[in-house]
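S.K.: Following this message is one structure expressed as structure tokens.
The values are calculated or read from the model by the stated rules, or taken from the named source; none is laboratory data. Note that the structure is a prediction, hence the values are computed from the model and not measured. Cβ: placed from backbone, ideal geometry, glycine included. Neighbour counts: every protein chain shown.
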Amino acid sequence: MSAATALHSAEQGRQLLAIARNAVAARLGLTATTSEPDPPWLRPLATTFVTVTHRPRSGLDGTHRPRSGLDGTHRPHGELHGCIGTIEPHRPLGEDVRQNAIMAAFRDPRSRALRADELDAVDFSVSLLGPREPLSFADEPRARAALRPQVDGLVLHWRQHRGVFLPQVWESLPEPRDFLDQLKRKAGLP
């Protein structure tokens, strides 16, 4: 049984979120690391992505207060802090979530490392990926036609270039043309 089929309860989903948050808290020195072995459902090899986002923060008048970005621009809270994952299963589910949470919080090149005083103001999400299925196409119009919005994630790989979009990216890029164009940009492709 794969980790994707074994994960079936809301409680297990909550446990994965707790594993991600606790791994980051331990790295920040806010909690002790646990030495207890993972339960059996966390032991199969898995592919996961962990996303860390800053929660919206309201001002006294209910408006969102801007957050200063690393490039000096102001960005609203609720934006991505980091998203790191694996596309090939090589670690047990629990360990994959822990390591990807740490990488998303501290090593994503798009953001600075998360600080201890920010932990209570971020949300974690864990995406458990199923097996990848190849998508063959002769050109971009056929690639766009083959994509299923709100369903498909996509790994675009050509030579040394690679980019990954999870299915939830469709929420911000609902058109297949935009989805593929932005993924090409992320992968460093023309």
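S.K.: Exposed (fewer than 11 other Cβ atoms within 10 Å of the Cβ), of a type outside the set (Lys, Arg) and within 27 Å of HIS90 (Cα to Cα): does that describe PRO190? Outline the logic, then answer.
M.R.: Details: exposed (fewer than 11 other Cβ atoms within 10 Å of the Cβ): yes; of a type outside the set (Lys, Arg): yes; within 27 Å of HIS90 (Cα to Cα): no.
No, not satisfied.
S.K.: Right, next: Hey, does the range 59-75 have a residue that's under 27 Å from LEU45 (Cα atoms) and either of a type in the set (D, E, K, R) or modelled with pLDDT under 95 (or both)?
M.R.: no
S.K.: So, in the range 160-175, of the ones that are out of contact with any Leu (no Cβ under 9 Å at 6 or more places or on another chain) and part of a loop (DSSP other than H, G, I, E, B), which residue ends up modelled with the lowest pLDDT?
M.R.: SER172
S.K.: A further question follows. Which is assigned by TED's automatic domain parsing to the domain that holds GLY78 and in contact (Cβ under 8 Å) with a residue 12 or more places away in the chain, of ARG177, ARG144, ARG107? Even if it seems obvious, please write down each step before you answer.
M.R.: Details: ARG177 fails: assigned by TED's automatic domain parsing to the domain that holds GLY78; ARG144 fails: assigned by TED's automatic domain parsing to the domain that holds GLY78.
After ruling out the rest, the residue left standing is ARG107.
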